[in-house]
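Shown next, in C-alpha cells, is the structure this report addresses.
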Amino acid sequence: MKERARVIKKENGQSLVQIIRTSACSHCDEKCMLADDSHEVEEMEVLVNDPIGAEVGSTVELEMGARPILFSALVVYLLPLVAIIAGYFAGSSLLSGIISNLEIAGIIGSGIGFLLSFALLKFFDKKAGSKSYFHPEITRVVTHNGFYYES
C-alpha cells in the first residue's frame, strides 16, 4: 500500500505526516446517491517511521507491507466472529444451570463473547500501535520545497 503525505514534524527517528484521504469518488463532479458524502476530502495525521530522514515540509511516499495489513484485517474481522461462535457454545454449557432454554443461553453467551471481542480488539490496537511493525514507513521524498526530488 502506497500513499503520499506531507511531513509536519520530526520526532525521534519518526515523522508526523499529514495524509489527505480521498475516496474513489473524490474527483467526481457528480452528486450521485451512491457516493453520498464521499466526495469530501479528509485530512489525517499519522506518526510514521522515517529511515531516510525527510525534512519538514517535504512531500513523501509512505509504504506499508502487506503482512501487517493482512494480519490486522484477519484479527479485526475474524476475532468477533470466533468470539460469537465460542460464546454460543460457552453460554449453552455454562448457563444451562441458570437458563433452561439452551438456545437463549447460547444467544446470551454470543452477546457476551461479541462484547469481549471488542475489549480484545482494543488491547490489540494498543499493542500493535506501539510496535513499529504496524507503522507505515517513508520510502522516498517526492518533492522538497516544491521541486521534484528522486532519492
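Descriptive notes on the structure:
- The string of couplings for region 122-134 from the Karplus curve (6.51, -1.76, 1.60, θ = phi - 60°) is 4, 5, 4, 4, 5, 5, 5, x, 8, 9, 5, 4, 9 Hz, one whole number per residue in order, with x for Gly and Pro.
- A cut-off of 5 Å between modelled amide H atoms, ignoring neighbours fewer than 5 places along the same chain, links residue 58 with 7.
- Convex hull volume of the Cα atoms of region 67-130, normalised per residue: 64 Å³.
- The HN-Hα couplings worked out from phi for region 104-117 by the Karplus form 6.51 cos²θ - 1.76 cosθ + 1.60 (θ = phi - 60°) are 5, 4, x, 5, 5, x, 5, x, 5, x, 4, 5, 5, 5 Hz, whole numbers, x standing for Gly and Pro.
- Full-stretch length increase - residue 93, residue 114 - with 0.36 nm per residue and alpha-carbon distance subtracted: 5.9 nm
- Mean Cα-pair separation over length for region 67-130, i.e. relative contact order, pairs under 8 Å, 6 or more apart, %: 35 percent
- Förster radius 25 Å - calculated FRET efficiency between residue 101 and residue 71 (Cβ-Cβ, nearest 0.05): 0.05
No lab work stands behind these numbers, since they all come straight from the coordinates. Nothing here was measured: the structure is a model prediction, and the numbers come from that model. Because the Cβ atoms are built from the backbone with ideal geometry, glycine has one as well, and the counts that use them run over all protein chains shown.
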